[in-house]
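First the structure, in the form of structure tokens, and then the observations on it.
A short reminder: the numbers here are calculations on the coordinates, not readings from a lab. Because the structure is a prediction, the values reported are computed rather than measured. Note: ideal-geometry Cβ built from the backbone for every residue, glycine included; neighbour counts use all protein chains shown.
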Amino acid sequence: MRILVVEDERRLASVLQKGLNEHGYATDIAHDGQSALALALTEPYDLLVLDVMLPGLDGITVCRELRNRGRTVPILMLTARDAVEDRVAGLDAGADDYLVKPFAFAELLARIRALFRRESAAKQPALRLGDRELEIDLLKREVRQRGQPVELTPREFAILEYLVRHANTVVTRTQLIDHVWGLAFMPGSNVIDVYIRSLRRKLGDELIQTVRGVGYRVRVPND
């Protein structure tokens, strides 16, 4: 899952990015409303954590503009204001949830998980590869193979989910980087290869195919 954190307080933005990355979310940062709007309109984010008080465009304006342009990405708004009218303004602009500063990081994570569960339940709560007896529970973020649980790290889960969602399609390394690491990925790193090897060790060498010079593919036989 890829998240855009929009926060002008740079220390807080850095702390949020570090914490979210540690929980397996690819996290990008924007420090002003105009940059946030530009990124949200061009990058495939799964969720926005959007502060209300921003330089240039405020968070409510950014939220409203995204909704006016047809973007349905879930938006969790942050604010130091706790007045009812401020929360109403954000929700009316199209925000999905609201969190008042200061907040516990655990609560932020819980609200993010709740928004992802809501989205997953509305679309597809689980992914299955019947030929390989593999099931990915998107709500609980759990994997089972042949009925047995498979322990994956958050990054491994994110890679596997993306590959299975695009089964029978070659997923490029760039697509995996965008979805799992975001703009923070270090060029020249072999971290993708490390995670693919780990997934093969846990789920079997035959699950993820390497398409040389392009990327990876999970193949599902046609019925």
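Listed values, structure above:
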read-out	value
Charge dipole (debye, nearest 20) of the stretch 125-218; +1 at Cβ of Lys and Arg, -1 at Cβ of Asp and Glu	100 debye
Between 0 and 90°, nearest 10: helix 33-42 axis offset from the chain longest Cα axis	30 degrees
Extended-chain gain in nm, criterion 0.36 nm per residue less alpha-carbon gap, V100 and E43	17.9 nm
Inter-label distance, nm, simple model (7 Å from Cα along the C-beta direction), N190/R144	3.7 nm
Longest site-free stretch - the chain; sites: trypsin sites (Lys or Arg not before Pro), DSSP loop, at most 13 other Cβ within 10 Å	70-139
Whole-Å distance, taken between Cα centres, linking the stretch 106-170 and the stretch 192-220	17 Å
Value at 222 nm in deg cm²/dmol, rounded to 500, when DSSP H runs of n ≥ 4 in the chain each add -39,500 (n - 2.57)	-12500 deg cm²/dmol
Residue-span extension gain [R81 to A114] - 0.36 nm each, minus C-alpha spacing	9.6 nm
Per principal axis, descending, Cα span of the stretch 2-121 in whole Å	31, 29, 29
16 Å tail of the calculated P(r), the stretch 125-218, as % of Cα pairs	52 percent
For R173, net neighbour charge (Lys/Arg +1, Asp/Glu -1) across residues whose Cβ lies under 14 Å away	0
Lysine pairs within the chain, Cα separation less than 24 Å, 8 or more sequence positions apart or different chains	4
Degrees separating the helix 10-22 axis from the principal Cα axis of the chain, which is the longest one	20 degrees
Kirkwood-based shape ratio for the chain, expressed as Rg/Rh from alpha carbons	1.00
